[in-house]
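Inspection log for the structure reproduced underneath, given as structure tokens.
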Amino acid sequence: MKKINRRSFLKGGLAGTAVVAGTAVSKESSASQSFGGYPDSMGVLVDFTKCVGCRSCEAACNKEQGLPAPDKPFDDMSVYDEIQHNGQKRRTSEKAYTIVNRYKVKDREAGPVFRKFQCNHCNEPACLTSCFVNAYTKTKEGAVIYDPTVCVGCRTCMIACPFYVPAYSYSSPINPVIKKCIMCYDTRLKFGRPPACVEACPQEVMTFGKRKDLIKIGNARIRSNPDKYIDHIYGEKEVGGTAWMYLSDVPFDQIGFNTHIGEQPIISYVKEFLTIVPMVLTIWPALFTGFHLLANRKEALKNEKPSGKE
Amino acid sequence: MTQVRKKIILLLITLALAGWPAAHCLAESGPESATLDRLANLYEAVNFNHSAHVDITEGNCAECHHHTTGAVPTNPKCLKCHPGGQESDSMACQDCHSAKRFEVAYLTEIESNTQLYHIDKPGLKGAYHQKCMGCHQTTGGPTGCQDCHVRNEKGDEFFHAGNFSPAPVAHNGGH
Amino acid sequence: MNNLAKNGFSPVVSHQKKDGTTWTVKEKILLGLTPKDYLAQQFKNPFNWILAVIYAIGLPIIIGRFIYGLGWVTHSSYDYPWGLFLGFGLFTMVPLSASGFMMGTTVELFGRKDFKPIERLGLLNGLLGYLFAVVFLQIDLGQPWRLIYPMFVSLGPAAILFLVAWHVATYLSCQVAELVPAFAEWMGLPRAKKFIKSMVLGLTVAGIILSTLHQGALGGLFTYAPGKVHPLWYSSPFMWFHFFCSAIFAGLSMLIVVSTFCKWFMRWRCDQTFLKSLDRLTLGLSKGAALALATYLVIKIIAIAHDNDWSYIFTGWGQWFILEISVGVILPLVLYTMALRNGSPALARTSAFIAVGGIVLNRLNTALITFNWDLYQEIPHWREMVIVVTVYATYIVVYRAILARMPILFSWKEKPDQ
Ligand code: SF4
Ligand code: SF4
Ligand code: SF4
């Protein structure tokens with residue numbers, strides 16, 4: 001695949017210096033700020049009102065990420081009629097990091113809604129927090145990437161991801177690993193360039209930029225077209241905020257979004273257990289040794305022996 | 001890899017250089033046609049018939065060129081800054097809609113220039129397609145990719161189509 | 001074997017034979033029978049024929065799993081990344097093996113020496129349960145050879161699974177150590193036994209800490225999936241306590257179940273102390289189980305009240321939940337209480353079987369059945385089921401082999417017939 005050596009990284013990095021320099025300024029301040037993601041991180045605003053379902057983004061991702069050939073050509077629109085045998089629409093898989101699905105919406109003048117999705121690159125990624133080999137990294141550019149060389153294959157991240165994103169290369173007996181969108185980190189984002197799917201889209205459905213600017217842009221679009229857009233940027237706050245955010249002209253729950261997902265990052269649901277760990281570690285030894293001494297004292301008295309040991 | 005990625009973006013950068021340099025609101029002063037061939041990596045060049053589109057809009061340049069030809073905007077919001085229209089030095093799409101919409105320089109500019117109102121202008125490729133498709137969808141114009149762009153072999157490879165179609169496979173696991 | 005024992009056969013219980021010479025290890029392994037007799041004995045047992053059939057089908061599939069990958073034995077579901085191996089294997093085995101730390105605690109810490117005859121069975125049940133939970137894990141992990149990565153190569157200490165991995169690993173060693181005395185007696189290594197005896201208190205306390213945390217942590221693992229586990233089974237603050245508390249009655253009930261099987265099928269191997277005290281011990285264990293069941297029931301209800309999930313009770317899932325609670329929790333609770341009041345070990349045993357079934361249902365519900373409750377139901381691949389059956393069969397085989405040899409159900413003697 002596209003392994004980049006250090007030299008070409010530096011070269012290509014020149015183009016991205018501006019972004020990197022911009023982010024470097026706030027690096028120190030962000031170190032202490034663990035919530036809400038890196039302040040200057042990048043993101044993508046996806047506007048479904050513009051998507052025409054051409055699947056160019058899928059093709060671009062396939063090429064950029066060196067994924068295996070698809071089952072059907074990327075210009076084959078019959079995939080939109082596919083119903084997997086469990087009644088679900090297509091989802092991300094080990095062969096496709098991004099998927100466009102079609103949703104028929106009643107009384108929508110422009111016809112069906114096409115929804116592109118991929119990893120949302122959460123500010124506080126559930127996948128990252130659940131990984132026991134620390135394979136995942138949230139980079140300062142905003143991407144959630146992972147190191148397949150340490151993936152053990154426990155698949156907890158797949159359990160944890162609230163968006164059902166990570167896939168697993170079950171088909172490989174020797175080196176099965178997690179597979180998901182990495183926001184083109186290695187080949188593009190790191191150098192300050194937009195992801196391949198963003199660049200490939202003829203309709204500019206996706207706007208690449210700093211996450212905080214995208215929120216402004218999203219709000220401005222809603223504000224200038226209040227009759228068109230649903231007044232919500234999906235991903236601005238969901239599960240602690242995501243780098244990829246969405247605008248739509250139909251309610252999000254009608255196009256496959258989970259609207260009950262809440263604004264708490266997933267880790268906050270887990271913290272309740274994590275807080276008891278140190279308590280058990282410190283209190284239990286004293287408590288149970290105490291019980292032991294008490295119990296044996298009784299026994300010792302009963303047996304009128306100096307020690308409780310048998 | 002990089003090459004192909006570039007192809008995708010450059011696809012319609014070509015359009016910018018090649019066509020649509022509308023000079024004045026006078027419809028007849030626009031070009032007869034323009035050849036859009038920057039996407040040669042994936043598609044054959046497109047021969048855009050400008051004068052036919054002038055006919056379709058009945059000479060209303062603002063339909064596509066906004067206020068740049070001096071026409072009075074119909075959108076009241078635009079009117080606030082461009083009252084009575086405001087002719088621009090250039091009305092070529094590329095001069096406002098950047099082909100490098102997502103490059104660092106552009107992103108830095110919209111972030112640091114607090115005077116800038118238009119921070120959400122589509123890039124060149126997006127501007128073309130949104131404009132074309134927006135109209136084609138409502139007026140019954142062609143909307144399929146290949147209705148306008150004839151794909152070449154590189155394009156077939158990119159889309160895994162044509163001679164590069166995958167062999168039909170049985171469903172291979174993974175719900 | 002029971003028949004053999006009726007006809008006057010007595011298996012090895014000591015280092016010395018009747019004539020004063022010592023048994024060799026080989027003879028000990030063959031239980032004092034000649035190789036021919038031993039084999040004949042094995043062939044006569046119909047259960048072994050069932051096992052043979054299971055292995056004939058299961059072993060090639062297990063081998064196939066490592067040759068062709070997980071995709072060959074499972075449906076490779078991205079939505080249900082955890083299937084039967086974890087849902088029915090790991091998540092069920094671990095609570096059923098909680099008997100180890102509880103027997104340790106009861107006997108060594110609380111000084112209830114009256115539970116001594118069943119302590120070792122409890123410890124063994126714990127050890128084997130954990131061992132096979134790890135076996136299930138190793139079959140399920142995509143890259144089992146990387147199991148040590150979370151320990152030494154790339155550490156993710158903030159993850160719950162990290163805690164589980166470390167605790168189960170440490171606890172396994174703990175349990176091995178706790179069972180060294182039994183092994184040492186059998187092999188005739190008195191020094192090893194003495195060494196462990198000197199640190200038994202430390203081991204036991206470590207066992208309680210580790211057990212509390214990792215039993216709870218298995219519940220904690222599911223708190224990562226608030227939208228996926230059905231709200232009635234999900235509780236961010238109480239999930240770990242549900243798992244921990246249910247592990248207590250699960251472990252105790254499992255011990256009653258196993259001891260019952262020993263009494264029925266391995267009577268020849270039990271000594272009189274064990275057989276005579278078993279009824280009393282069963283009731284003793286029942287008391288603990290009943291208390292844990294009652295606590296569990298209360299916190300289950302508190303969890304629903306806390307999240308205000310009452311409205312779900314009236315849905316289809318709610319009925320399924322009520323069924324699980326009534327059959328898996330309330331029924332055994334009532335039966336245990338009746339058994340204690342009437343002093344009926346038989347009733348306690350019935351209750352134990354139901355409680356074990358209840359805990360299996362609960363873990364399956366959490367991990368598989370109600371998981372993705374608003375998506376679709378995943379039916380595991382048949383090969384996945386076969387592997388699970390095969391691993392459980394191996395569990396039984398190993399369990400049986402150890403019980404038949406090491407002094408778990410009987411006490412070791414220096415000379416026979418004392
Ligand atoms: S490339 Fe753009 S328009 Fe085409 S399917 Fe993807 S997001 Fe939609
Ligand atoms: S969408 Fe899922 S896989 Fe992507 S960062 Fe968020 S939790 Fe991780
Ligand atoms: S960002 Fe890159 S990896 Fe992710 S879906 Fe787009 S092209 Fe694929």
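The values are calculated or read from the model by the stated rules, or taken from the named source; none is laboratory data. Quick caveat, the model's predicted, so the values are computed rather than measured. Methodologically, a virtual Cβ is constructed for each residue, glycine included, from the backbone with ideal geometry; neighbour enumeration extends over all protein chains shown.
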Filter region A:170-194 for residues that are more than 9 Å from chain B (Cβ to nearest Cβ) and surrounded by fewer than 19 Cβ atoms within 10 Å (Cβ to Cβ); the one that is nearest to ligand 3 (Cβ to nearest atom) is A:D186
The number of residues in region C:366-393 that are assigned to a helix (DSSP H, G or I) and in contact with a Leu (Cβ under 9 Å, 6 or more places away or on another chain) is 9
The residue from C:C270, C:C174 that alone is surrounded by fewer than 22 Cβ atoms within 10 Å (Cβ to Cβ) and closer than 18 Å to C:L124 by Cα is C:C270
Within region A:231-240, residues part of a loop (DSSP other than H, G, I, E, B) and buried (at least 24 other Cβ atoms within 10 Å of the Cβ) come out as A:G235
Just one listed residue, out of C:G126, C:G122, C:G156, C:G142, is touching a residue at least 60 places away in the same chain (Cβ under 8 Å) and outside any helix (DSSP H, G or I), and it is C:G142
Out of all the residues in region C:85-92, is one or more under 30 Å from C:V12 (Cα atoms), at pLDDT 90 or above and touching a helix residue (DSSP H, G or I) at 6+ places or on another chain (Cβ under 7 Å)? no
Taking region A:54-72 and keeping only residues that are within 12 Å of ligand 3 (Cβ to nearest atom) and of a type in the set (A, V, I, L, M), one is left with A:A59, A:A60, A:L67
From the option list A:I217, A:I233, A:I178, single residue qualifying as out of contact with any helix residue (DSSP H, G or I) (no Cβ under 7 Å at 6 or more places or on another chain), hydrophobic (A, V, I, L, M, F, W, C) and modelled with pLDDT of 90 or more is A:I217
Within region A:128-139, of all residues that are touching a residue at least 40 places away in the same chain (Cβ under 8 Å) and within 16 Å of ligand 3 (Cβ to nearest atom), the one surrounded by the most Cβ atoms within 10 Å (Cβ to Cβ) is A:K138
- [ ] Kindly indicate whether any position in region A:246-256 is crowded, with 18+ Cβ neighbours inside 10 Å, more than 12 Å from chain C (Cβ to nearest Cβ), within 16 Å of ligand 2 (Cβ to nearest atom) and touching a residue at least 40 places away in the same chain (Cβ under 8 Å).
- [x] yes
Next on the checklist: So, B:Q86, is that one surrounded by fewer than 17 Cβ atoms within 10 Å (Cβ to Cβ), in the same structural domain as B:L124 (by TED's automatic domain parsing) and of a type in the set (S, T, N, Q) or not?
Outcome noted: yes
When (1) away from chain B (no Cβ under 11 Å); (2) buried (at least 21 other Cβ atoms within 10 Å of the Cβ); (3) more than 16 Å from ligand 3 (Cβ to nearest atom) are applied to A:C119, the one that fails is (3)
For A:A160, the lone unmet condition from (1) within 7 Å of another protein chain (Cβ to nearest Cβ); (2) away from ligand 2 (no atom under 13 Å from the Cβ) is (2)
Result of the Cβ filter at 8 Å on region A:88-109, keeping first residues that are at the interface with chain B (Cβ under 10 Å from one of its Cβ atoms) and more than 21 Å from A:P148 (Cβ to Cβ) and partners that are of a type in the set (A, V, I, L, M) and away from ligand 1 (no atom under 16 Å from the Cβ), at least 6 apart or interchain, is A:Q88/C:L375
Taking region A:195-212 and keeping residues surrounded by 19 or more Cβ atoms within 10 Å (Cβ to Cβ), out of contact with any strand residue (DSSP E or B) (no Cβ under 6 Å at 6 or more places or on another chain) and in a helix (DSSP H, G or I) leaves A:A196, A:C197, A:E199, A:A200
Picked from region A:171-184 (must be more than 9 Å from ligand 2 (Cβ to nearest atom) and under 21 Å from C:I148 (Cα atoms)), the residue nearest to the chain's Cα centre (by Cα) is A:V177
Picking from A:D75, A:D71, the residue that is surrounded by fewer than 21 Cβ atoms within 10 Å (Cβ to Cβ) and at the interface with chain B (Cβ under 10 Å from one of its Cβ atoms) would be A:D71
Residue count, region C:21-64, condition farther than 22 Å from C:L403 by Cα and modelled with pLDDT of 90 or more, comes to 10
From the option list A:R108, A:R102, A:R115, single residue qualifying as more than 9 Å from ligand 2 (Cβ to nearest atom), assigned to a strand (DSSP E or B) and over 19 Å from the mean Cα position of the chain (by Cα) is A:R102
(1) under 27 Å from the mean Cα position of the chain (by Cα); (2) at the interface with another protein chain (Cβ under 10 Å from one of its Cβ atoms) all hold for C:Y78 apart from (1)
Original post:
Any chance region B:19-38 includes a residue that's modelled with pLDDT under 80 and within 14 Å of chain A (Cβ to nearest Cβ)?
Top reply: yes
Residue pairs qualifying under the 9 Å Cβ cut-off, at least six apart or on distinct chains, with the first in region A:205-231 being more than 11 Å from chain B (Cβ to nearest Cβ) and more than 16 Å from ligand 1 (Cβ to nearest atom) and the second being hydroxyl-bearing (S, T, Y) and in a loop (DSSP other than H, G, I, E, B), are A:R211/A:Y38; A:R211/A:S41; A:I222/A:Y229; A:Y229/A:S248; A:I230/A:S248
Residue hits (region A:262-289; at pLDDT 90 or above and surrounded by fewer than 16 Cβ atoms within 10 Å (Cβ to Cβ)) are A:E263
Among residues of region A:180-194 being touching a strand residue (DSSP E or B) at 6+ places or on another chain (Cβ under 7 Å) and not basic (K, R), the residue farthest from ligand 1 (Cβ to nearest atom) is A:Y185
A:T98 vs (1) within 16 Å of ligand 3 (Cβ to nearest atom); (2) modelled with pLDDT under 95; (3) among the β-branched types (V, I, T): all pass except (2)
- Message: When you check C:L123 against the structure, is it more than 14 Å from chain A (Cβ to nearest Cβ) and surrounded by fewer than 21 Cβ atoms within 10 Å (Cβ to Cβ), yes or no?
- Response: no
Considering residues that are touching a helix residue (DSSP H, G or I) at 6+ places or on another chain (Cβ under 7 Å), more than 9 Å from chain C (Cβ to nearest Cβ) and not in a loop (DSSP other than H, G, I, E, B), the number found within region A:128-156 is 2
Flagged in region A:42-60 as more than 8 Å from ligand 1 (Cβ to nearest atom) and surrounded by fewer than 24 Cβ atoms within 10 Å (Cβ to Cβ), in numbering order, are A:D47, A:F48, A:T49
Expected single match for closer than 30 Å to C:S14 by Cβ, among the small types (G, A, S) and in contact with a helix residue (DSSP H, G or I) (Cβ under 7 Å, 6 or more places away or on another chain) among C:A225, C:A217, C:A192, C:A206 is C:A192
